[in-house]
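Written below as structure tokens is the structure these notes are about.
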Amino acid sequence: MKHLVNVFCLVVSILFFHLSLKASEKEVVINLMQRPLNYLDLGIINLEKDMERSVDRIISKYTSPSLTNLFRDRVEEFEMSVVYNWRKTAVIASLSIPISKGLSVDDYLSTSNRCREIFDHLRFTLLRKQPESTLSVSQVASYLVERFYPPSNQPWTLPEDYRKSLVKLVLLEIVLRPTNKYALSSSVGPISCIGNLSDEVDSIKIVHDSTKQ
């Protein structure tokens, strides 16, 4: 009899343990579900997904055997990020590409043009599903509203100045950086171009860090 009582107590203890474990797991799930995902986080997540899809197209375009292959076999070193920069009060979507030539001071103009060309191509790849065929602040604003607001709460009636500020908030950056071998052999630094998605190509800011040989 005593043995049966002990067995019963053991079964009850095991059952209670498992019930407690399930309750704890449920609490974790509930806790996670109650964590707020703010719209800034949502926009960054959506931009990351769009950038990843767009970068695939960029890699395909600029590593094609039929084109001048600036990037050669460095595809694995493409780096992409979307972050909020508190100092600049900006969401920066950045693509960093390793290249093996063209970063000397003498190449400034041609490489600046190439950086802007990639910027422009990536920008239109991001905007390709927008109904407007020509670049405009309105087109970019519509795209960003779709990214920063959930489908059930996209405020198409946002004031015009708010929509324009949203466009200014998001910056696209292209960084052409030297491969390690190129940097060591030629003492060159990266070149980058940055601007918002509605900027005209000529107004995209260029930052050049090459060192004279």
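The values are calculated or read from the model by the stated rules, or taken from the named source; none is laboratory data. Predicted model, so just to flag it, every value in this text is computed and none were measured. Backbone-built Cβ (ideal geometry, glycine too); neighbour counts: all protein chains shown.
Some notes on this structure:
- Test for N196: is it modelled with pLDDT under 90, in the same structural domain as V82 (by TED's automatic domain parsing) and among the polar types (S, T, N, Q): no
- Residue in segment 149-160 that is in contact (Cβ under 8 Å) with a residue 60 or more places away in the chain, surrounded by 20 or more Cβ atoms within 10 Å (Cβ to Cβ) and within 25 Å of R87 (Cα to Cα) present: no
- In a residue-by-residue description of segment 119-127, the property of being assigned by TED's automatic domain parsing to the domain that holds D56, among the β-branched types (V, I, T) and either in contact with a Leu (Cβ under 9 Å, 6 or more places away or on another chain) or assigned to a loop (DSSP other than H, G, I, E, B) (or both) applies to no position.
- Taken as a whole, segment 136-143 holds at least one residue that is closer than 19 Å to V55 by Cα and either part of a loop (DSSP other than H, G, I, E, B) or touching a helix residue (DSSP H, G or I) at 6+ places or on another chain (Cβ under 9 Å) (or both).
- Test: residue in segment 90-112 that is part of a loop (DSSP other than H, G, I, E, B), modelled with pLDDT under 90 and farther than 20 Å from N180 by Cβ: no
- Every condition in (1) farther than 15 Å from H208 by Cβ; (2) crowded, with 17+ Cβ neighbours inside 10 Å; (3) in contact (Cβ under 8 Å) with a residue 24 or more places away in the chain; (4) not β-branched (V, I, T) holds for L103 except the one numbered (1).
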